[in-house]
Amino acid sequence: MVVFQKPHALTDTPFHYCPGCTHGIVHRLVAEAIDDLGVEGDTIGIAPVGCSVFAYNYFNCDMIEAPHGRAPAVATGVKRVHPSKIVFTYQGDGDLAAIGTAETVHVGARGENITIIFINNAIYGMTGGQMAPTTLLDQVTTTSPYGRKKEIQGMPVKVCEMLATLDGVAYAERVSVDSVKNVLAAKKAVKKAFEIQQKGLGLSIVEVLSTCPTNWGLSPLKAVEWLRENMMPYYPLGVYKDVTKEGEQK
Amino acid sequence: MAEKLLMKGNEAIAEAAIRSGCRFFFGYPITPQTEISEYMAKNMPKVNGLCLQAESEVAAINMVLGASAAGARVLTSSSSPGVSLKSEGISYLVGSDLPCVIVNVQRGGPGLGGIQPAQSDYNQATKGLGHGDQHIIVLAPASVQEMATLTGEAFDLADIYRTPVMLLADGALGQMMEPVDFEEKPHREIPPKDWACTGHGGKRKPNIINSLYIEPNDLERTVVERYKRYALIEEKEVKYEEFLTDDAEIVVVAYGITARIVKTAVKAARAKGIKAGLFRPITLYPFPSKQLDAIADREHVKAFLSVEMNMGQMVNDIKVAINCKKHVSHFGRTGGVIPTPDEILENIEKVGGAN
Ligand SMILES: Cc1ncc(C[n+]2csc(CCOP(=O)(O)OP(=O)(O)O)c2C)c(N)n1
Ligand code: SF4
């Protein structure tokens, strides 16, 4: 396995991410899928507002930087103009599941033929560690300094479970990048999501459980442990929807 | 040959957009502009175009952003409350130098306001459409014919200057039926959209559409560059109409539907021996400041009267344009009330008497 060779679909621009941040790994997985499918020249990516805002400098395909939360609507506009191109968004949990919830749900409802790469790190990274819709109960953030409380902030949002209820969603899988094994599974999921788009089956989304060591206040290693111990039980990994396997499922 | 069709103003915009090569429309229903969406829903499929009803005005304007970034001619329309929702997206379109046409068929405000015609979004359109140092071109039609003609010009201007262009109409113009002639006007030369995100096909470097510049000096440079383009727009694209202004002592300034009512009042004033004239800005940005200033320099001009369907928004632009050289006053009705020729005439007389 050639893990350390840079995929062609990534530019030479060095990542700005903190040490141990998993944004970089996910960028690589997306780029590898683009390389594997040979679609770099046919791909248009949409960057979010969040730590990955500079994604437009990292991917070697045409890129658009969307307003906070609006990437799915921007992707809709692009895809409707170029139905034969691959269009993906790359979004954090604040972007996708708070300010952009309506846009996210409705690309699902319309069965928009795009792929969403969703980074769930249970926090707002870019703005310095505020509570996200995916922040866990009792998790301390700068805007939930006593821990998130059900009575005050409600329960964390489970995006894949929610989107799987929509008929227009073709594929929803939650993966993690905490181990080599899980990274390989995540790689397969990302590639599959793009293939589903190529087949025109509807919305494909891959939710990636990710770390934010900086704002979690943990070392990169401890952050991975925290992800396993706290995020994985609440956000179980797995395929929540796969129209290519309907019938076999459940 | 000219084919004349009897149409509502809203429909004329939609038809003109299709004839201008627009194949993508994104909107969300709101009175009094819904006929645009409905016309598009019916007619876009016939030309292999797309009319998509978005989940909100916020989504619609961002679909516009995507379609524009992808290189397409694209239209969205709304009315006052919906335009407020679009303002985030408009600011990003400006910051990303993306062309598109946005229609505001104004109704009364603030808040949910009412559904009757108003011009209360003048300041929003010309000064406050989104955060940041910015302008967008604003065109104010005054007839169904102009709804059509200016729509075609709006698409050209958008593509030439890589900017959003707004057609600022009102509920009266939108609903009014008049004959309209869609005779093909030669379009202006449009530069190639080599910046668009179409997939690079391995043949060029990736195109990036973006409004983020984290280095203050970089951001300042892009804004300053954009303002050079605004200077060009201010120099070349000003449009206005004059009616009996040559010897006018009282110059009434009005745009859109109001200008038509003013015309009647001006004629009535003339019949009474009052030398009144009408100056009608067609571009609200760029505002015809120089032209108004030149008129203010005429010795026989005594005063300006701004007539608007709002509480007095354009009146300040006139004062600035003429450096308060002559007296400028405002008469307006708001909330969806349309001024009558009689009350305008009364105000012309008042202004005339005051001098
Ligand atoms: C309209 C708007 N509101 C708020 C912000 C500030 N803001 C920037 S990024 C962000 C949250 C990012 O968090 P997330 O989407 O989880 O991505 P991460 O940084 O964790 O990768 C916020 C609130 C903004 N840029 N625009
Ligand atoms: S703040 Fe968090 S999400 Fe952002 S780059 Fe640093 S570790 Fe990654």
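The values are calculated or read from the model by the stated rules, or taken from the named source; none is laboratory data. Bear in mind that the values here come from a model prediction, so they are computed numbers and not experimental data. Cβ atoms come from the backbone with ideal geometry, glycine included; neighbour counts cover every protein chain shown. These accessible areas exclude ligands, DNA and RNA; they are computed on the full protein's heavy atoms, side chains included. Shrake-Rupley method; radii C 1.70, N 1.55, O 1.52, S 1.80 Å.
Per residue of chain A, the DSSP helices (runs of n ≥ 4 H) give a summed -39500 (n - 2.57) that works out to -9000 deg cm²/dmol at 222 nm. Applying 1/(1 + (r/R0)^6) with r as the Cβ-Cβ distance of B:Arg19 and A:Lys6 and R0 = 41 angstrom yields a FRET efficiency of 0.25.
Of the beta bridges DSSP finds with both residues in chain B, what % are antiparallel, to the nearest 5? Mind dumping the intermediate values first?
Working: 12 of 46 bridges.
In chain B, DSSP labels about 25 percent of beta bridges as antiparallel.
Ignoring everything except DSSP H segments at least 4 long, calculate the 222 nm mean residue ellipticity for chain B; use -39,500 (n - 2.57) per segment, divide by total residues, nearest 500.
After summing the helix terms and dividing by the residues of chain B, the value is -13000 deg cm²/dmol.
Protein-only accessible surface at a 1.4 angstrom probe places the residues A:Glu112, B:Glu178 in the order B:Glu178, A:Glu112, largest first. Using the alpha carbon gyration tensor of chain A, what are the three equivalent-ellipsoid semi-axes (square root of 5 times each eigenvalue), largest first, in whole Å? For chain A, the semi-axes come out at 26, 21, 18 Å.
If you count, for every residue in A:98-105, the Cβ atoms of partner chains within 10 Å of its Cβ, what is the mean? Working shown, then result.
Values: counts 0, 1, 3, 0, 5, 7, 0, 1.
Shielding by partners across A:98-105 averages 2.
Taking θ as phi - 60° and the Karplus parameters 6.51, -1.76 and 1.60, the scalar couplings of the stretch A:137-153 work out to 4, 6, 6, 8, 9, 5, 10, 9, x, 9, x, 5, 10, 4, 5, 9, 9 Hz in sequence order, x denoting glycine and proline. The length gained on full extension between B:Glu249 and B:Ile338, counted as 0.36 nm times the residue separation minus their Cα-Cα distance, comes to 29.5 nm.
With the convex hull built on the Cα atoms of the protein assembly as shown, state its orientation-averaged projected area in nm². The partial results should precede the final answer.
Values: hull surface 122.2 nm².
The orientation-averaged projected area of the Cα hull of the protein assembly as shown comes to 30.5 nm².
Among the DSSP beta bridges whose two residues both lie in chain A, what percent are antiparallel, rounded to the nearest 5? Could the numbers behind the result be given before it?
On the way: 7 of 34 bridges.
Here the share of antiparallel DSSP bridges comes out near 20 percent.
Loop-located trypsin sites (Lys or Arg not before Pro) in the stretch B:2-47 (DSSP state other than H, G, I, E, B) with a sparse environment of at most 14 neighbouring Cβ atoms within 10 Å are absent. The distance from the alpha carbon centre of the stretch B:277-314 to that of the stretch A:12-51 is 54 Å, rounded to a whole number.
With a 1.4 Å probe rolled over the protein heavy atoms of all chains, the accessible area of B:Asp342, A:Asp62 falls in the order B:Asp342, A:Asp62, largest first.
Neighbours of A:Met162, meaning other residues whose beta-carbon lies under 13 angstrom from its beta-carbon, give a summed charge of 0 when Lys and Arg score +1 and Asp and Glu score -1. Scalar couplings 3J(HN,Hα) for the stretch B:19-33, obtained by applying the Karplus form with A = 6.51, B = -1.76, C = 1.60 to θ = phi - 60°, are 5, 8, x, 6, 10, 9, 10, 10, x, 9, x, 6, 6, x, 10 Hz; x denotes Gly and Pro. Net charge around B:Ala59, counting only other residues with Cβ within less than 9 Å of its Cβ (Lys, Arg = +1; Asp, Glu = -1)? Residues close to B:Ala59 contribute a combined charge of -2. Exposed loop sites here are chymotrypsin sites (Phe, Trp or Tyr not before Pro) assigned a DSSP state other than H, G, I, E or B and surrounded by at most 15 other beta carbons within 10 Å; excluding them, the longest clear run of chain A is A:5-145.
Shape of the stretch B:184-225 from the C-alpha gyration tensor: oblate (a/c of 1.5 or more and a/b not above b/c, with a ≥ b ≥ c the square roots of its eigenvalues). Around the amide H of B:Lys239, modelled in the peptide plane, lie the amide H atoms of B:Ile282, B:Thr283, all under 5 Å away and 5 or more residues distant in sequence or on another chain.
Can you give me the angle between helix B:256-271 and the longest principal axis of chain B, using Cα atoms only, in degrees from 0 to 90, rounded to the nearest 10? The two axes meet at around 20 degrees. Here the 3J(HN,Hα) profile of the stretch A:57-66, calculated from phi with Karplus coefficients 6.51, -1.76 and 1.60 at θ = phi - 60°, is 8, 9, 8, 8, 10, 4, 9, 10, 9, 8 Hz, Gly and Pro shown as x.
What nm value, rounded to one decimal, do you get for the distance between A:Cys18 and A:Lys188 when each label is placed 7 Å out toward the C-beta? Output for this residue pair reads 3.2 nm. Taking B:Lys127, B:Lys319 and ordering them by how much accessible surface each has at a 1.4 Å probe, largest first, produces B:Lys127, B:Lys319. In the structure shown, the pairs B:Lys42/B:Lys127; B:Lys8/B:Lys326; B:Lys8/B:Lys267 are assessed against 30 Å; a Cα-Cα span above that value is assigned to B:Lys42/B:Lys127; B:Lys8/B:Lys326.
Once amide H atoms are placed 1.01 Å from N in the peptide plane, what residues at a sequence separation of 5 or more from B:Val74, or on another chain, have their amide H within under 5 Å of its amide H? Here B:Val101 satisfy the definition.
Computed over chain B with a Gaussian network model linking Cα atoms closer than 10 Å, the most mobile of B:Ile257, B:Ile136, B:Ile209 is B:Ile209. Tell me the angle of helix B:57-69 to the major Cα principal axis of chain B, expressed in degrees between 0 and 90 and rounded to the nearest ten. Computed tilt is about 60 degrees. In the assembled protein chains, B:Glu38 presents an accessible area of approximately 110 Å² (probe radius 1.4 Å). The spacing between the stretch B:2-72 and the stretch A:211-235, judged by their C-alpha centroids, is 47 Å. Across peptide B:64-76, the average count of Cβ atoms from other chains found within 10 Å of a residue's Cβ is 6. Tell me, how many Å apart are the Cα centres for the stretch A:142-189 and for the stretch B:132-203? So the two Cα centres are separated by 43 Å. When DSSP beta bridges are restricted to pairs lying wholly in the protein assembly as shown, around 25% turn out antiparallel.
If you run the Gaussian network model on chain A, springs between alpha carbon atoms under 10 Å, then out of A:Leu96, A:Leu201, A:Leu137 the most flexible one is A:Leu137.
By the scheme Lys and Arg +1, Asp and Glu -1, what is the net charge of all other residues having a beta-carbon under 15 Å from that of A:Leu184? Mind dumping the intermediate values first?
Values: positive: A:Arg28, A:Lys181, A:Lys187, A:Lys188, A:Lys191, A:Lys192; negative: A:Glu32, A:Asp36, A:Glu173, A:Asp178.
That sum, taken over residues with Cβ under 15 Å, equals +2.
For A:Ala66, the amide hydrogen comes within under 5 Å of the amide hydrogens of A:Ala47, counting only partners 5 or more places away or on other chains and with H modelled in the peptide plane.
A P(r) calculated from all alpha carbon pairs of the stretch B:30-165, with 10 Å bins opening at zero, reads 12, 44, 38, 5, 0 percent. Of the peptides B:72-85, A:29-42, the order by per-residue mean of other Cβ atoms within 10 Å, starting with the highest, comes out as B:72-85, A:29-42.
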